[in-house]
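The values are calculated or read from the model by the stated rules, or taken from the named source; none is laboratory data. Since we're looking at a predicted model, the values are computed, not measured. Here the Cβ positions follow ideal geometry from the backbone for every residue, glycine too, while neighbour counts run over all protein chains shown. Quick note on the areas: whole protein, heavy atoms, side chains included, nothing else; ligands and nucleic acids left out. Shrake-Rupley method; radii C 1.70, N 1.55, O 1.52, S 1.80 Å.
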Amino acid sequence: MAWYTNAVFYELYPRAFADGNGDGWGDFAGILERLDYLEWLGVDCIWITPIYPSPLKDDGYDISSYYGIHPNYGTIEEFRLVVDEVHRRGMRIIPDLVMNHTSDQHPWFRIARQSRQSRLRDYYVWSDTPSRYADARIIFLDTETSNWALDPVSQQYYWHRFYSSQPDLNYDSPAVQQAMLDVIKYWLDLGVDGFRVDAVPYLFEREGTNCENLPETHEYCKRIRRFMDDHYPGTILLAEANQWPRDTLPYFGNGDEFHMNFHFPLMPRLYMALARQDRTSIVDILAETPEIPPGCQWGTFLRNHDELTLEMVTPEEREFMWNTYAPEPRMRLNLGIRRRLAPLMNNDRRKILLMYSMLFTLPGTPVLYYGDQIGMGDNIHLPDRNGVRTPMQWDSGPNAGFSSAPSYQLYAPVIDDEVYGYRRVNVAAQKADPDSLLNRIRHMIHVRKQQPALAEGKLHWVEDAPLSTLVFWRTSPDQNLLILHNLADVTVRLSLPPTMPALAIDILTGEQITTSEPLTLPPYAFRWLASATGA
Ligand code: GLC
């Protein structure tokens, strides 16, 4: 089994994680001090969001040099040390690779825009009119009105799928294709274990299409994969392709493109099923999810550093999600919801754990978001997505143990309210409490990783269970697990399938269960059952 098939990933936001040098910003020195925490939690692979030099107009997703480190995070040598220390603990690390665009401060763009004859002009996509590629949607709907921006210097429009400060690279240029391969080589030589690849669907543009998922894009991604397989075996590519399952499938190729793809459409449906107390949305989207080639794996998640995206739902479902989970306009952004998991669950621990149980037992490799494992809150008064990127809450000391800087110097205020404030919600307190959210999640992680059926098992629904439950088998050649979730706020009694052996064991609690009797599941409860005789 490939290592990433039975792994737990952790998305680490370097600015927010830990400040080692006391300047109010997270940095590599801080990360080094906290790697033991990630190892203790059971993390196998860290996805670290952009660490490169950047004017930070999109929090580092606007890169001004692919070959350096943002000075606030440290130096290349320190990053190398992070990589070594991650490896020493048996973990892996994949940085973000932002291929689609650069910052407008990147020297390539500065040179390209100097004149229409610039030697790097074709590194970017130019046009005399803003009417080309009219079928491409706008992604940052709340801020951008067009995918074209006029460059005042050379009096042509340049193409950008995100902020206008992020011009798209032109992948029709062989030089750009080679330049990005050089970048990839540089970081792999430094020892990273692969990449989370940002904004993959948009690399190429073609008139008359929506400029997403084009064959040329797949061709180029396959080229990267070949290069990595040839020279860096064991490294992986994880795609951010926010698409419907049928459009995501081709990113796996025939097992020769991305190793992993995030399953974007599943994520909002976990929330939807819980709110409606009805599993249908989950069952339907997984029915629409095709088999993936051997050696490939989905990446699943509850939240990440962006808004909870509602791009992959119907307009009615989006309204439902907004009304349910983002009642205040301030909680919404673009086509999504800019809140963290715990507030979305009204801080109801039963629901938070239920969401994690679904994440850990449905197919896919779970990707956790920093802070959500202690139930951190958000700050909807901060702009853009910054409200879900506040300092990690390590302890109840000054600045939540995140930084020794004076509070006013922190890049963002720590969460300090009654419910989610760092005095109550922090790693130290939860580590000390065996029944804390953190310890419960850690336990689930450790149990999950010992079950081959959860890594690679097939999924079979138990269809005659009530709609307000989510009951399914995960079966691999040497293990059958029966997983039960109660999505409703009332107790349910479930008869277990006749194929269940007479005596079962709940692998989370160790409790023995006689399967001839109906099983009582309190509101929002879940069980992970194996045969007590080991079959
Ligand atoms: C991805 C990132 C997001 C960023 C965007 C543009 O969607 O997750 O944070 O703003 O790409 O790079």
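The modelled label-to-label distance for the pair Ala428/Gln155, using points 7 Å beyond Cα in the direction of Cβ, is 6.4 nm. Dipole of region 197-340 (Lys/Arg Cβ +1, Asp/Glu Cβ -1, origin at the Cα centre): which of Ala275, His263, Ile236 lies farthest to the positive side? My answer, from the dipole projection, is Ala275.
Hey, if you put +1 on the Cβ of every Lys and Arg and -1 on every Asp and Glu Cβ in the chain, which of Leu484, Pro518, Tyr158 ends up farthest toward the positive end of that dipole? Of the options given, the answer is Pro518.
Charges were assigned to the Cβ only: +1 to each Lys and Arg, -1 to each Asp and Glu. The resulting dipole of the chain about its Cα centre is roughly 460 debye. Compared with the dominant Cα axis of the chain, that is its longest principal axis, helix 266-276 is turned about 50°.
For the ranges 389-401, 320-332, what's the packing order if you count other beta-carbon atoms within 10 Å of each residue, average per peptide, and put the highest first?
Details: 389-401: 21.7, 320-332: 15.7.
Peptide ranking by packing, descending: 389-401, 320-332.
Mean silhouette area of region 133-215, derived from the convex hull of its C-alpha atoms and averaged over all directions, reads 7.0 nm².
Using only Cα atoms, find the angle between the long axis of helix 315-325 and the longest principal axis of the chain, and express it within 0 to 90 degrees, rounded to the nearest 10. The angle comes out near 70 degrees. Extents of region 272-409, taken as max minus min of Cα coordinates on every principal axis and listed largest first, are 52, 37, 27 Å.
Hey, could you get me the Stokes-Einstein D for region 413-535, Kirkwood radius over alpha-carbon pairs, 20 °C and 1.002 mPa s, rounded to whole µm² s⁻¹? Using the Kirkwood radius from Cα pairs, D works out to 132 µm²/s.
What is the angle, in °, between the Cα long axis of helix 349-361 and the longest principal axis of the Cα atoms in the chain? Nearest 10 is fine, range 0 to 90. Helix 349-361 sits roughly 80 degrees off the main axis of the chain.
Built from the Cα atoms of region 477-517, the convex hull projects on average onto 3.8 nm², one quarter of its surface area.
The order of the peptides 178-184, 106-112 by mean Cβ neighbours within 10 Å, most packed first, is 106-112, 178-184. Based on the Cβ-Cβ distance from Glu216 to His460, what FRET efficiency comes out when R0 is 35 Å, to the nearest 0.05? It comes to 0.35. Maximal additional length on extending the Asp182-Glu328 stretch stands at 48.0 nm, based on 0.36 nm per residue less the C-alpha distance. Atom-type composition of the exposed protein surface of the chain places 50 percent of the accessible area on carbon and sulfur (1.4 angstrom probe). Rolling a 1.4 Å probe across the protein heavy atoms gives the chain an accessible surface of 36 Å² per residue.
Note on region 191-321: Cα-Cα pairs beyond 27 Å make up 24% of the total pair count. Peptides 49-58, 489-498 ranked from most to least packed, by the mean per-residue count of other Cβ atoms within 10 Å: 49-58, 489-498.
If exposed GluC sites (Glu not before Pro) are those in a DSSP loop with at most 12 other Cβ within 10 Å, what is the longest stretch of the chain that has none?
Numbers: sites that count: Glu207, Glu288, Glu291, Glu418, Glu463, Glu511.
Of all site-free stretches, the longest is 1-206.
Residue separation of Thr280 and Ser146 scaled by 0.36 nm, minus their Cα-Cα distance, works out to 44.6 nm of gained length.
Ellipticity at 222 nm from helices only: DSSP H runs of n ≥ 4 in the chain, each -39500 (n - 2.57), divided by the residue count, give -8000 deg cm²/dmol.
Semi-axes, largest first, in whole Å: what does sqrt of 5 times each Cα gyration tensor eigenvalue give for region 11-60? The partial results should precede the final answer.
Values: eigenvalues 84, 39, 9 Å².
For region 11-60, the semi-axes come out at 20, 14, 7 Å.
The base-10 log of I(q)/I(0) for the chain, evaluated at q = 0.06, 0.07, 0.10, 0.12 Å⁻¹, reads -0.29, -0.39, -0.82, -1.19 [Debye formula, identical scatterers on Cα atoms, solvent excluded].
Of the cross-linked pairs Lys351/Lys449; Lys431/Lys458; Lys185/Lys222, those separated by over 25 Å at the C-alpha level are Lys431/Lys458. Label positions at Glu291 and Arg246, each projected 7 Å from the Cα along the C-beta direction, are separated by 1.9 nm. Extension gain, Asn347-Arg88: 0.36 nm per intervening residue step, less the Cα-Cα distance, totals 89.6 nm.
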